[in-house]
Amino acid sequence: MASVPFTLYTHAGPGPNPVKVAIALEHLGLVYNTIPLAFGEGKGTVKDPEYTSNVNPNGRVPALIDHDNGDFTVFESGTILRYLADKYDPSGKLGGTTVEERAEVNQWLAWQISGLGPYQGQLIWFLAFHEQAHGEKPGASVMARYQNEVERLRAVLEMHLASGTRDHVALGRLTIADFALLPWLKASAMVGPALKSFGEYPAIDAYVRRLDALLEVQAAYKKAVPAV
Ligand SMILES: N[C@@H](CCC(=O)N[C@@H](CS)C(=O)NCC(=O)O)C(=O)O
């Protein structure tokens with residue numbers, strides 16, 4: 001048995017994907033070390049050949065190594081969350097106890113990973129990094145495309161939470177889908193006035209506050225996200 005059973009590769013900055021996994025590890029009471037990687041290329045980055053050859057061929061974080069399972073290595077945050085729930089939560093509370101429950105959790109996981117994450121992530125890129133990289137501002141129609149899609153997705157979530165007076169996004173209880181959503185909703189702060197404030201989405205606002213108050217969430221942020 002390894003002395004610390006899990007190694008979690010995180011971002012040396014505020015990237016929202018690795019902390020999802022830290023929240024799950026904290027919630028399950030699993031002990032882990034973090035290895036923060038920088039963006040870019042070279043030693044100690046997400047594109048370091050040592051990392052892409054041995055851990056994540058996609059050159060992104062998070063990735064997780066489960067040392068007590070023969071150093072089983074897994075990347076993609078949604079898949080890591082699913083792995084942890086399936087393997088370490090036999091009650092099924094976090095990931096669903098039936099095929100139908102698992103589908104309900106997975107649909108919101110997929111919604112975050114394929115929708116909110118990429119659109120909001122690219123919006124952050126266009127706002128904060130594009131001009132520096134390309135020497136010109138992105139066109140207004142490009143910005144509008146990303147802003148409108150993020151707002152559309154937020155309106156979908158708002159309606160879902162508000163219409164069922166739901167405290168959680170799936171199954172009426174805390175699941176790995178909440179762990180995936182929270183960091184992306186919190187990361188809206190990086191976009192500033194380019195997106196509406198959560199004052200305009202009261203159900204999302206309450207949802208974020210509720211999850212943020214969990215001790216496991218606070219511990220995960222402390223350990224997996226550097227203070228800025
Ligand atoms: N779909 C991936 C996205 C991972 C991702 O994009 N992570 C960011 C940090 S939050 C990253 O590693 N970016 C590095 C880069 O863009 O070079 C997941 O959910 O794990």
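Results, tabulated for the structure shown:
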{"quantity": "Long-range amide H partners of A12 with built H, under 5 Å", "calculated": "L37, A38, F39"}
{"quantity": "Where V46, V225 fall by accessible area, highest first, once all protein chains stay in place (1.4 Å)", "calculated": "V225, V46"}
{"quantity": "Rough spin-label spacing in nm, given labels placed 7 Å along Cα→Cβ, for A140 and L30", "calculated": "4.9"}
{"quantity": "Lysines with Cα under 30 Å of K43, excluding same-chain neighbours fewer than 8 positions away", "calculated": "K20, K186, K222, K223"}
{"quantity": "222 nm mean residue ellipticity, helices alone, for the chain (DSSP H n ≥ 4; -39,500 (n - 2.57); rounded to 500)", "calculated": "-15500 deg cm²/dmol"}
{"quantity": "Three-way shape label, the chain, alpha-carbon gyration tensor, a/c 1.5", "calculated": "oblate"}
{"quantity": "Whole-number percent relative contact order across segment 99-214, with pairs defined as alpha carbons under 8 Å at least 6 apart", "calculated": "32"}
{"quantity": "The chain - charge dipole about Cα centre, Lys and Arg +1 at Cβ, Asp and Glu -1, debye rounded to 20", "calculated": "340"}
{"quantity": "Contour minus Cα-Cα distance for S114 and S3 (0.36 nm per residue)", "calculated": "36.4 nm"}
{"quantity": "Solvent-accessible surface ranking, highest first, for S3, S188 at 1.4 angstrom", "calculated": "S3, S188"}
{"quantity": "Solvent accessible area, Å² - R166, 1.4 Å probe, full protein context", "calculated": "90"}
{"quantity": "Dipole axis of the chain (+1 Lys, Arg; -1 Asp, Glu on Cβ), positive-most option in T34, S53, Y88", "calculated": "T34"}
{"quantity": "Given charges at Cβ of Lys, Arg, Asp, Glu: the chain dipole, positive-most of T97, P18, L123", "calculated": "L123"}
{"quantity": "Tensor-based shape of segment 99-214 (alpha-carbon gyration tensor, a/c under 1.5 rounded, otherwise prolate or oblate)", "calculated": "prolate"}
{"quantity": "Cα gyration tensor shape of segment 149-228, rounded if a/c is under 1.5, else prolate or oblate by comparing a/b with b/c", "calculated": "oblate"}
{"quantity": "Inter-label distance, nm, simple model (7 Å from Cα along the C-beta direction), S91/K223", "calculated": "1.9"}
{"quantity": "K87 accessible area, 1.4 Å probe, all protein chains in place, Å² to nearest 10", "calculated": "100"}
{"quantity": "In range of the label at A162: residues from segment 171-207 whose backbone nitrogen is under 19 Å from the point 7 Å along Cα→Cβ", "calculated": "185-186, 195-207"}
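The values are calculated or read from the model by the stated rules, or taken from the named source; none is laboratory data. All of these numbers come straight from a predicted model, not from anything done at the bench. Please note: Cβ atoms are built from the backbone with ideal geometry, for glycine as well, and neighbour counts cover all protein chains shown. Accessible surface areas use protein heavy atoms only, side chains included; no ligands, DNA or RNA. Shrake-Rupley method; radii C 1.70, N 1.55, O 1.52, S 1.80 Å.
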